[in-house]
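Presented below is the structure to which this report refers.
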Amino acid sequence: MQYIAETKEFQITEPTVVSIGKFDGLHVGHQKLVREMVRWKEKGLKVAMFTFSTPPLSLVGGRKQTVLMTNRERMELLRSAGVDYLVEYPFDQEVCHMAPEQFVKEILAGKMNARVIITGPDCHFGYKAAGDRALLEKLAPEYGYQFFVVEKERDTDGAIISSTYVRKMLEEGDVKKADRLLGYDYFITGTVTHGRSIGHKKLYPTANLLPPPEKHLPRFGVYVTRVTADGKTYGGLTNIGKKPTIQGENPVGVETYLYDFDGDLYGKEIRVELLDFIRPEMRFDSIGQLKAQLDHDIGKCREIFRDSWIVQEKGKADG
């Protein structure tokens, strides 16, 4: 996949099928759209996704938006989905005030070389989000592309699956439902950093991540996790939060104890996937009380992880 980021100076020369959006989380609704795009490869088109390097509301609304996945995490998922081009266009005042038809002419039909454009039904773009599916359909003959709409994917209860819906489930600690909406287990990646070594001395050795401020984190608490480190997979217990029992000012972190691991992960990148919520983050009166609770949590997490692994292996065998 060719990754084009932080520049307006590019030109895709191959004919493409294009979609535009934030694609935050790349949930099952996004995946449905990407599958429709990939089908056009058989007709000689390259799959190209257009998005912005920063969420538009961060500039327009003047507030920082959190995202379900970092730009790098999104890039890796889109690469594995079969996307050929990912464009992360700079979002500035010039782009913010661009007329919708100018956006179609200069960027989609021009720089992106779109022969087909596929969007969801609620697509909006251009100044004051005035561009929509009706405009894309109207301009198709003039700028030489075909236009198609992929309808929203819905949950089992009929609710539309969206990034907002996924965020809500994560904020409630319902990671099992969030994982179902995403079509994969919600994950956090990062480089293991040095903590205050309290876990190594008094509790359990842990791998500590400090996620970027834009990363949307779930409800603070303890989770059953699957951890990929050095190309191997481990079960884990992960605490997300500020460790209120530990004295001092603690930044929001992702702290994971890996079962059956003996090694040094400092400076290495790991991936922590959330499988289930165990309990909210709590403050204990002593390190001893915290240690007793962690003993209980680790036993419970091992059991859940083992059962989850058995179900996954059975699913593979049945498939």
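The values are calculated or read from the model by the stated rules, or taken from the named source; none is laboratory data. Since the model is a prediction, treat every value here as computed from it, not as a measurement. Positions of Cβ are generated from backbone atoms using ideal geometry, with glycine treated the same way; all protein chains shown enter the neighbour counts.
Starting from residues that are in contact with a Phe, Trp or Tyr (Cβ under 7 Å, 6 or more places away or on another chain) and of a type outside the set (Val, Ile, Thr), keep the ones in the stretch 227-240 and report whichever is surrounded by the fewest Cβ atoms within 10 Å (Cβ to Cβ).
234
Could you pull out the residue among 41, 46, 22 that is of a type in the set (D, E, K, R), modelled with pLDDT of 95 or more and touching a Pro at 6+ places or on another chain (Cβ under 8 Å)?
The conditions single out 46.
Looking only at the stretch 192-202, filter to residues that are surrounded by 17 or more Cβ atoms within 10 Å (Cβ to Cβ) and of a type in the set (Gly, Ala, Ser); which one of those is modelled with the lowest pLDDT?
Here the answer is 199.
Quick check on this structure: which one of 21, 82, 44 is in contact with a strand residue (DSSP E or B) (Cβ under 7 Å, 6 or more places away or on another chain), over 27 Å from residue 130 (Cβ atoms) and not assigned by TED's automatic domain parsing to the domain that holds residue 269?
So the residue among 21, 82, 44 that is in contact with a strand residue (DSSP E or B) (Cβ under 7 Å, 6 or more places away or on another chain), over 27 Å from residue 130 (Cβ atoms) and not assigned by TED's automatic domain parsing to the domain that holds residue 269 is 82.
Show me the strands (runs of 3 or more DSSP E) found entirely inside the stretch 58-168 where at least 2 residues are exposed (fewer than 13 other Cβ atoms within 10 Å of the Cβ).
none
Every residue, every condition in (1) modelled with pLDDT under 90; (2) in a strand (DSSP E or B); (3) in the same structural domain as residue 288 (by TED's automatic domain parsing), yes or no:
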site: 179; (1), (2), (3): no, no, no
site: 190; (1), (2), (3): no, yes, yes
site: 204; (1), (2), (3): yes, no, yes
site: 211; (1), (2), (3): no, no, yes
site: 240; (1), (2), (3): no, yes, yes
site: 270; (1), (2), (3): no, yes, yes
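Are there any pairs with C-beta distances below 7 angstrom linking a residue in the stretch 253-264 that is more than 10 Å from residue 206 (Cβ to Cβ) to a residue that is surrounded by fewer than 17 Cβ atoms within 10 Å (Cβ to Cβ), with the two at least 6 apart or on different chains, and if so which?
259/302
For residues in the stretch 213-234 being within 19 Å of the chain's Cα centre (by Cα), of a type in the set (Lys, Arg) and assigned to a strand (DSSP E or B), which is nearest to residue 262 (Cα to Cα)?
Ranking the candidates gives 226 first.
Identify the single condition in (1) of a type in the set (S, T, N, Q); (2) at pLDDT 95 or above; (3) closer than 22 Å to residue 129 by Cβ that residue 31 does not satisfy, given that it satisfies every other one.
(3)
Yes/no per residue for (1) assigned by TED's automatic domain parsing to the domain that holds residue 241; (2) at pLDDT 75 or above; (3) under 15 Å from residue 226 (Cβ atoms):
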{"site": "284", "(1), (2), (3)": "yes, no, no"}
{"site": "289", "(1), (2), (3)": "yes, yes, no"}
{"site": "297", "(1), (2), (3)": "yes, yes, no"}
{"site": "303", "(1), (2), (3)": "yes, yes, yes"}
{"site": "306", "(1), (2), (3)": "yes, no, yes"}
{"site": "309", "(1), (2), (3)": "yes, no, yes"}
{"site": "314", "(1), (2), (3)": "yes, no, no"}
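Answer yes or no as to whether residue 164 is in contact with a Lys or Arg (Cβ under 9 Å, 6 or more places away or on another chain) and without any contact (Cβ under 8 Å) to a residue 12 or more places away in the chain.
It is false that residue 164 is in contact with a Lys or Arg (Cβ under 9 Å, 6 or more places away or on another chain) and without any contact (Cβ under 8 Å) to a residue 12 or more places away in the chain.
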